[in-house]
1. Criterion first (modelled with pLDDT of 95 or more and more than 21 Å from residue 133 (Cβ to Cβ)) does residue 45 satisfy it?
2. Against the conditions (1) under 20 Å from residue 134 (Cβ atoms); (2) surrounded by 14 or more Cβ atoms within 10 Å (Cβ to Cβ); (3) touching a strand residue (DSSP E or B) at 6+ places or on another chain (Cβ under 6 Å), where does residue 40 fall short? Just the number, please.
3. Which condition does residue 86 not pass, out of (1) at pLDDT below 95; (2) in contact with a helix residue (DSSP H, G or I) (Cβ under 8 Å, 6 or more places away or on another chain), if it passes all the others?
4. Quick check on my filter: what residues within region 13-33 are buried (at least 16 other Cβ atoms within 10 Å of the Cβ), over 24 Å from residue 134 (Cβ atoms) and at pLDDT 95 or above?
5. Can you tell me which condition residue 51 does not meet? The list is (1) closer than 11 Å to residue 4 by Cβ; (2) modelled with pLDDT of 95 or more; (3) touching a helix residue (DSSP H, G or I) at 6+ places or on another chain (Cβ under 9 Å), and all the others hold.
6. When only residues in region 47-86 that are in a loop (DSSP other than H, G, I, E, B) and under 15 Å from the mean Cα position of the chain (by Cα) count, which is farthest from residue 125 (Cα to Cα)?
7. Can you confirm whether region 91-101 contains a residue that is touching a strand residue (DSSP E or B) at 6+ places or on another chain (Cβ under 6 Å) and at pLDDT 80 or above?
8. Within region 107-131, take every residue that is surrounded by fewer than 22 Cβ atoms within 10 Å (Cβ to Cβ) and modelled with pLDDT of 80 or more and give me the one that is nearest to residue 23 (Cα to Cα).
């Protein structure tokens with residue numbers, strides 16, 4: 001088996017999370033500047049076997065796409081062009097930011113540490129990945 005890699009795409013930063021090779025445990029990987037994302041993924045996939053990209057799909061409460069979906073669509077085209085042999089699946093990411101913030105609070109981090117948006121993005125990607133694994 002190979003890793004699954006979840007992407008919480010953002011305009012400035014993108015959170016990433018991966019599974020172990022057995023696809024049992026989801027772990028935060030890192031947060032990268034979005035403009036460097038494709039280069040980071042190319043480097044990462046040369047060193048690690050990635051079976052599937054999971055990209056967060058932001059939706060409104062009425063199930064329609066949120067406005068940030070317009071930013072994600074061009075990225076999906078670039079991702080598919082850069083990695084034609086790695087399939088891409090979308091995962092509903094509603095409430096992941098709120099869940100990530102609550103996770104950081106529950107973990108006992110101080111307020112200053114919780115304000116680290118990069119950490120929040122990484123935890124959000126981990127939640128996207130965990131929800132996919134749970135619903136598989």
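The values are calculated or read from the model by the stated rules, or taken from the named source; none is laboratory data. Treat the numbers as computed from the prediction; the structure is a model and nothing was measured. Cβ placement follows ideal geometry from the backbone for every residue including glycine, while neighbour counts extend to all protein chains displayed.
1. Taking the combined requirement at face value, the residue does not satisfy it.
2. Checking residue 40 against (1) under 20 Å from residue 134 (Cβ atoms); (2) surrounded by 14 or more Cβ atoms within 10 Å (Cβ to Cβ); (3) touching a strand residue (DSSP E or B) at 6+ places or on another chain (Cβ under 6 Å), the one that fails is (1).
3. Only one criterion in (1) at pLDDT below 95; (2) in contact with a helix residue (DSSP H, G or I) (Cβ under 8 Å, 6 or more places away or on another chain) is unmet by residue 86, namely (1).
4. 32
5. So residue 51 meets the others, but not (3).
6. Among them, the one singled out is 68.
7. yes
8. 130
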